[in-house]
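Participant: Quick one: the structure is below, and I'll ask about it shortly.
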Amino acid sequence: MSIYIQRRLEKASLNPDLFKRELNQSIKMLIASEIDELAAWFVNFTKDKPQLKNLKPEKAYERNLLIKY
């Protein structure tokens, strides 16, 4: 996963709707192995952020990639 995407998501994390939109856009840009990295990062990043923990990014669930985390 690129640092650029990670930084965009970190900045968007203050607003859950914006974070969800950025997360879905990021998933569209990444290849499968990078999406696995994103999923691991997402779980780690949202551990102490309850407002983001319950997000269900549509694109990720359509592709069944973040479900395992």
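Participant: State, to one decimal in nm, how far the label point of Lys49 lies from the label point of Ile3, with both points 7 Å from Cα in the Cβ direction.
Facilitator: 1.9
Participant: Sticking with this one: For the residue pair Ile31 and Asn15, what label-to-label distance in nm results when each label sits 7 Å from Cα along the Cα-to-beta-carbon direction?
Facilitator: 3.3
Laboratory data are not the source of any read-out in this text; all were calculated from the coordinates shown. In this text, all values refer to a predicted model and were calculated from it rather than measured experimentally. Please note: Cβ atoms are built from the backbone with ideal geometry, for glycine as well, and neighbour counts cover all protein chains shown.
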